[in-house]
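What follows is a single structure, written as structure tokens, with notes after it.
The values are calculated or read from the model by the stated rules, or taken from the named source; none is laboratory data. All of these numbers come straight from a predicted model, not from anything done at the bench. Glycine also receives a Cβ, built like all others from the backbone with ideal geometry; neighbour counts cover every protein chain displayed.
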Amino acid sequence: MKSFITILLLLLTLSFGVHASEEVKLQEANINLTDKASLLRGANHYVTYCLGCHSAKYMRYLRIALDAGVDEKTVLKDIAPEGASIYDQLHSAMNKHDAEKWFGTQPPDLSLIARSRGADWLYSYLKSYYIEPGSPRGVNNLIFEDTAMPNPLWQLQGEQHAVSRKTIWGEYTELVLEEPGTLSEREFDLFVNDLVNFLVYVGEPVQMERQSMGKYVIIFLFMFLVIAYLLKKEYWKDVH
């Protein structure tokens, strides 16, 4: 019996060590869809750094202007590419042939990426690129290993390197910033957070409207419950 317990404890320890060495803890994104300034900054970041490869075809510039409460001319001037119409969708200029030639496949549309991956995953992914000289593109990602996408934000963040650390629980990888970018660490965190905030909004633009309507639905149901209860009492008062 003692040997069985010893073996069980050993297996649990080994499995915990493997888990500790392989799992990467996601960083938490600060999502606030009521922050219109953040959404506008995120939209600008997306058009500047992402739209060259990734479309967001379920979103129009007009919808951004309406939901953010800004003038259409402001969106066309500060966010949309030159020559775009306010009614245009966020379509990438990259054609399928060039995409397959450069990346091996066409970059996916990101309209629903926040709903499929989650805000924390996106936030962590965009911050977790590191230099890997032997890889095809010279970089890799701690969250999505062997990712086909180069780091679009390397000039802003700088160059990170992966450093292996060992503890009594196992081995893990830590990213160390060796060459700073044009933004400080805090500025880059805010930059990525605004971008992810925008992607969460794109995934469900009516989310805030739906949530605001929820309280009215609850009030209606409560009022209906009271009316139904009084009606029940009225119908059953002569039964007893």
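Quick notes on this structure:
- Meets criteria (at pLDDT below 85 and over 24 Å from Ala119 (Cα atoms)) for Gly138: no
- Meets criteria (within 24 Å of the chain's Cα centre (by Cα), surrounded by 15 or more Cβ atoms within 10 Å (Cβ to Cβ), at pLDDT 95 or above and assigned by TED's automatic domain parsing to the domain that holds Leu126) for Ala80: yes
- Any hit, the stretch 92-114, residues being at positive phi and in contact (Cβ under 8 Å) with a residue 24 or more places away in the chain: yes
- Residue match in the stretch 148-170 (condition: more than 21 Å from the chain's Cα centre (by Cα), more than 25 Å from Trp102 (Cα to Cα), modelled with pLDDT under 95 and charged (D, E, K, R)): yes
- Checking the stated criteria, Phe144 turns out to be free of Cβ contacts under 8 Å to residues at least 24 places away in the same chain, of a type in the set (Phe, Trp, Tyr) and either on the phi > 0 side of the Ramachandran plot or in the same structural domain as Cys50 (by TED's automatic domain parsing) (or both).
- Strands (runs of 3 or more DSSP E) (entirely within the stretch 116-228) containing at least 1 residues that are of a type in the set (Ser, Thr, Tyr) and surrounded by 11 or more Cβ atoms within 10 Å (Cβ to Cβ): 129-131, 170-180
- Criterion violated by Val139 - all others in (1) in contact with a helix residue (DSSP H, G or I) (Cβ under 8 Å, 6 or more places away or on another chain); (2) outside the structural domain of Ala99 (by TED's automatic domain parsing) satisfied: (2)
- Residues satisfying the stated conditions in the stretch 26-77, i.e. buried (at least 21 other Cβ atoms within 10 Å of the Cβ) and either outside the structural domain of Ser128 (by TED's automatic domain parsing) or over 17 Å from the mean Cα position of the chain (by Cα) (or both): Tyr61, Ile64, Ala65, Val75
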